[in-house]
Amino acid sequence: MKLNNIPYGMHDVTDDDIDNIVKVLRSDYITQGQTVCNFERSLCLYTGAKYSTVVSSCTSALHIACLSLGLKKGDVLWTSPISFVASANCALYCGASVDFVDIDYDTGLMSISNLVSKLEVAEKEGRLPKIIIPVHFSGQSCDMKSIHSLGKKYGFKIIEDAAHALGAKYSNTSVGCCKYSDMTVFSFHPVKMITTGEGGAIMCNNNELDSYMKLLRSHGITRENKSFLSKVHHPKWYYEQIDLGFNYRMTDIQAALGISQIERLDRYVDVRGKIALLYDRAFANISDINPLKINVNCKSSYHLYVVRFTGKYSKLRDYLYEELNDRGILVNMHYIPIYRQPFYDTDLMLNEAERHYSSSISLPIFPLLNTSNQQRVINEILDIVNNV
Ligand SMILES: *Cc1c(COP(=O)(O)O)cnc(C)c1O
């Protein structure tokens, strides 16, 4: 496929996917039903987690994940500033406040040394976080063993934001298995690893938490006798609202697409890995164009391919961004540090997050990007930097 404009990311929907969606559309049930259950089972099989709750987006996943861990007014949640705003907004939905742990510049991931020193200070001041959300930026897992042992020491809960990292591996485990966390959330937005149009999921190994999230995604209403608060005998049609929930359901139409897509996930990770390798090679001899570093115990899913323009190219980022877009290479910037958003109204500045912000561009990477299109991206970048 020859693309006039090459986006930074794009979905891949096949004829098989469409056939699978149409089957649900022709059936007598289209909203959350058996196909959503089947998608949840596929996610458990893929990641190794015991339970999965599939919802309308990763944003709603983060919201009910925080609620189920008891996050409330007066509590504090910490996350990475280099993420999508949803990683932080979930705290505000619950009436809690947010703070940010600076990143490790080389990987773009939450820095363990910054986390340790921030925890030491917070303990002295008596304002330790209730939840920490490490973000597996670009598709590489954070150092979960360290975060997990700090969680044991300081008593915080952990929700992995793996919106980028479905299909990634960490220290011989699949991201999403929750070996080192309480929960992991995924996104099925069209640019992510697999898509359901819009959608998300929470993985966990705790039956009680999982049941509670399933209650919250559907108005807090139960039809199960054992969950009713009133213990008198009830007729068959009876239902009870026992908590304040939401309509965060995914449809069976979407879940059919998810099941169909997850079949190709390993191939997607493979193709993305090959694209990343070609970029790595193209920039290997240029000291001032630097890709993110991937740790040895990690296999990235390569949701994003982020490069930093440093040294003699350090003033070039904005020019490169505009010039590439003018040439039909629709690069992107991930992310503006969340604390810089006007809504957050803070004076916070974190050094490594700022360094990342001033130097990074996300290059096109997606399963349908073929080698000649990718070569065009590389040639345009080299042409621009060689002619300034
Ligand atoms: C995309 C994304 C989200 C939100 O996902 P939605 O499914 O669009 O709600 C959350 N966190 C990160 C890191 C993301 O990239």
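The values are calculated or read from the model by the stated rules, or taken from the named source; none is laboratory data. Note that the coordinates shown come from a computational prediction; the quantities given were computed from them, not determined experimentally. Quick reminder, even Gly has a Cβ in these numbers, built from the backbone with ideal geometry, and neighbours come from all protein chains shown. All accessible areas refer to the heavy atoms of the entire protein, side chains included, with ligands and DNA or RNA removed. Shrake-Rupley method; radii C 1.70, N 1.55, O 1.52, S 1.80 Å.
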| said: Taking the solvent-accessible surface of protein heavy atoms with a 1.4 Å probe, what is the per residue accessible area of the chain in Å²? | reply: 45
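In the chain, what % of DSSP beta bridges are antiparallel (nearest 5)?
Numbers: 27 of 42 bridges.
Counting DSSP beta bridges with both partners in the chain, the antiparallel share is about 65 percent.
Among 103-115, 247-259, 25-37, 204-216, how do they line up from the highest to the lowest mean number of other beta-carbon atoms within 10 Å? Could the numbers behind the result be given before it?
Working: 103-115: 20.8, 247-259: 22.9, 25-37: 14.9, 204-216: 18.5.
Top of the packing list down: 247-259, 103-115, 204-216, 25-37.
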| said: Between Asn373 and Asn225, how high is the FRET efficiency from 1/(1 + (r/R0)^6) when r is the Cβ-Cβ distance and R₀ = 56 Å? Nearest 0.05. | reply: 0.45
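Rounded to whole Å and sorted largest first, what semi-axes of the equivalent ellipsoid does the C-alpha gyration tensor of the range 252-304 yield via the square root of 5 times each eigenvalue? Can you show the working numbers first?
Working: eigenvalues 187, 24, 17 Å².
So the three semi-axes of the range 252-304 are 31, 11, 9 Å.
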| request: Out of all DSSP beta bridges with both ends in the range 110-227, state the antiparallel percent to the nearest 5. | output: 55
| remark: Cα-based Rg and Dmax for the range 55-152, in Å, come out at 13.0, 40
| remark: Rg from C-alpha atoms of the range 23-103, normalised by the globular rule of thumb 2.2 N^0.38 Å, equals 1.39
| said: For the range 77-154, give me the percentage of DSSP beta bridges that are antiparallel, rounded to the nearest 5 percent. | reply: 25
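Tally up the carbon and sulfur contribution to the accessible surface of the chain as a whole percent, 1.4 Å probe, everything protein left in place. The partial results should precede the final answer.
Working: 8940 of 17390 Å².
Percent of accessible area from carbon and sulfur atoms in the chain: 51.
Taking N as the number of residues in the chain, what value does Rg over Cα atoms divided by 2.2 N^0.38 Å take? Can you show the working numbers first?
Details: Rg = 21.7 Å, N = 388, 2.2 N^0.38 = 21.2 Å.
After normalising by residue count via 2.2 N^0.38 Å, the value is 1.02.
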| said: Which order do the peptides 359-369, 337-347, 159-169, 60-70 come out in when sorted by mean C-beta neighbours inside 10 angstrom, highest first? | reply: 159-169, 60-70, 359-369, 337-347
| Efficiency of FRET from Cβ geometry, Thr14 and Leu244, R₀ 41 Å, rounded to 0.05 | 0.55
